[in-house]
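Trainee: The structure is given below, and queries will be raised subsequently.
The values are calculated or read from the model by the stated rules, or taken from the named source; none is laboratory data. Quick caveat: nothing in here was measured; it's all calculated off a predicted structure. As a convention, Cβ positions derive from the backbone with ideal geometry for all residues, glycine included, and neighbour counts pool all protein chains shown. Keep in mind that these areas ignore ligands, DNA and RNA; they rest on the heavy atoms of the full protein, side chains included. Shrake-Rupley method; radii C 1.70, N 1.55, O 1.52, S 1.80 Å.
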Amino acid sequence: MVGQGDACLPVQSLVPNCHLHSYMQRASSCARLARGWGVLLSLFAVAGTATGATTSETPLVCLGEAGKFAILSKAALSGTAAHITGDVGSQAAITFAPMFPGDATSMFWTSTQITGRMYAASYAAPTPAMLAVAITDMDAAYADAAQRPVLLSRTNIMPGGVSFNNFTAGVYKWDSYLTFAGSHFNIVGGQNDIFIFQIASYVTIAASMKAQLVSDGTGRGVPQASNIFWQVGGYLVLGASAHLEGTFLVTGYVTFGASSTLNGRVLSVGAATISANVIVAPSPPPPGSPPCVQQCTSSRAQSIPDNPPPPPSPPPSSPPSPP
């Protein structure tokens with residue numbers, strides 16, 4: 001996960017920047033990633049096969065400041081009888097009734113529906129700047145996930161509709177919309193494997209459809225929601241009682257059917273509507289997961305402190321109106 005104030009180390013155009021914990025780690029890891037991506041792409045060019053790799057060494061998609069949120073959107077967010085574990089952010093309005101001022105600073109608000117904080121661009125500084133950086137990182141993560149190379153053998157599997165499949169580690173791509181129907185599909189691998197799903201258009205999940213995390217039997221545990229990424233070029237609709245795993249980077253709106261659940265995040269451009277759903281932000285990637293490759297934002301916003309000092313004026317009695 002990208003920390004506050006992390007530096008960026010340019011390596012080459014293929015691997016622009018790596019966020020790691022120390023200069024020496026950044027230097028060695030970025031150079032290794034650059035060499036690896038260069039070798040892989042040259043092999044595919046010689047072989048004349050597809051456009052990418054599908055090994056467990058697929059780099060992580062870095063979320064930056066966006067990774068601090070369970071739900072983040074450029075548009076409005078609304079929820080009814082939801083149970084969300086993690087922070088919620090919007091550059092527009094947030095409605096999760098009832099809502100309460102987080103403290104006297106008006107930097108954030110809280111709700112009985114959320115185990116976390118709510119941040120909107122109309123709240124007190126430094127919240128607007130923090131959200132702007134998070135949105136920029138969200139856009140960068142979407143672009144990163146969308147450009148990952150894919151093998152032809154993992155392109156347009158069951159085009160249009162997936163009724164059942166075992167997805168192993170790597171990158172998958174659909175050139176159009178994707179519908180999941182049936183009872184379940186499996187994401188198969190170990191705890192450090194990376195999964196990226198690229199969908200050019202919308203995604204719909206049938207009622208009661210379940211994503212299941214399944215061990216590949218190698219003794220490496222099971223896939224983790226923090227290592228699963230869905231890049232969706234349209235809207236996302238979950239049917240009633242459906243369940244999904246991973247981070248969803250969505251350009252359109254997001255709608256959760258009644259009692260549907262997500263172990264992951266929703267990072268969207270369009271509005272998100274939550275109705276009697278359970279959404280739990282995943283834990284950070286486990287030790288041993290591949291490092292990430294992503295462009296850095298030009299600057300980092302100030303974090304919201306856990307106990308910010310109160311201002312001289314009393315807290316407002318109602319949520320601030322969106323700009």
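Trainee: Can you give me the number of residues within the range 69-82 that are part of a strand (DSSP E or B), farther than 11 Å from residue 118 by Cα and at pLDDT 95 or above?
Mentor: 1
Trainee: Does any residue of the range 241-249 turn out to be surrounded by fewer than 19 Cβ atoms within 10 Å (Cβ to Cβ) and either modelled with pLDDT of 95 or more or in contact with a strand residue (DSSP E or B) (Cβ under 9 Å, 6 or more places away or on another chain) (or both)?
Mentor: Yes, the conditions are met somewhere in the range 241-249.
Trainee: Mind listing whichever residues of the range 83-97 are open to solvent by 10 Å² or more (accessible area, probe 1.4 Å), in a loop (DSSP other than H, G, I, E, B) and either closer than 24 Å to residue 133 by Cβ or modelled with pLDDT of 95 or more (or both)?
Mentor: 86, 91, 92, 93
Trainee: Still on this model: Of all the residues that make up the range 154-185, how many are under 17 Å from residue 210 (Cα atoms) and of a type in the set (Gly, Ala, Ser)?
Mentor: Going through the range 154-185 one residue at a time, the tally reaches 5.
Trainee: Take the residues of the range 120-136 that are part of a helix (DSSP H, G or I) and in contact with a Ser or Thr (Cβ under 6 Å, 6 or more places away or on another chain): which is least open to solvent (accessible area, probe 1.4 Å)?
Mentor: 133
Trainee: I would also like to ask the following. Are any residues in the range 165-182 assigned to a strand (DSSP E or B) and hydrophobic (A, V, I, L, M, F, W, C), and if so, which ones?
Mentor: Of everything in the range 165-182, those that are assigned to a strand (DSSP E or B) and hydrophobic (A, V, I, L, M, F, W, C) turn out to be 167, 171, 174, 178, 180.
Trainee: Do we have any residue at all in the range 152-161 that's without any contact (Cβ under 8 Å) to a residue 40 or more places away in the chain, crowded, with 19+ Cβ neighbours inside 10 Å and assigned to a strand (DSSP E or B)?
Mentor: no
Trainee: Another question about this same structure. Can you tell which of 222, 203, 237, 214 is open to solvent by less than 10 Å² (accessible area, probe 1.4 Å) and of a type in the set (Val, Ile, Thr)?
Mentor: When all the criteria are applied, what remains is 203.
Trainee: To continue, here is another question. When you scan the range 217-290 for strands (runs of 3 or more DSSP E) that lie fully inside it, which ones turn up with 1 or more residues that are closer than 18 Å to residue 177 by Cβ, of a type in the set (A, V, I, L, M) and out of contact with any helix residue (DSSP H, G or I) (no Cβ under 7 Å at 6 or more places or on another chain)?
Mentor: Qualifying strands (runs of 3 or more DSSP E): 228-232, 236-238, 243-250, 254-256.
Trainee: Of all residues in the range 269-281, how many are modelled with pLDDT of 95 or more, over 12 Å from residue 235 (Cα atoms) and either under 12 Å from the mean Cα position of the chain (by Cα) or open to solvent by 40 Å² or more (accessible area, probe 1.4 Å) (or both)?
Mentor: So the count comes out to 3.
Trainee: Which of (1) part of a loop (DSSP other than H, G, I, E, B); (2) open to solvent by 40 Å² or more (accessible area, probe 1.4 Å) does residue 100 not meet, given it meets every other one?
Mentor: Here residue 100 meets the rest and fails (1).
Trainee: Filter the range 107-118 for residues that are more than 18 Å from residue 275 (Cα to Cα) and open to solvent by 20 Å² or more (accessible area, probe 1.4 Å) and give the result.
Mentor: 107, 117
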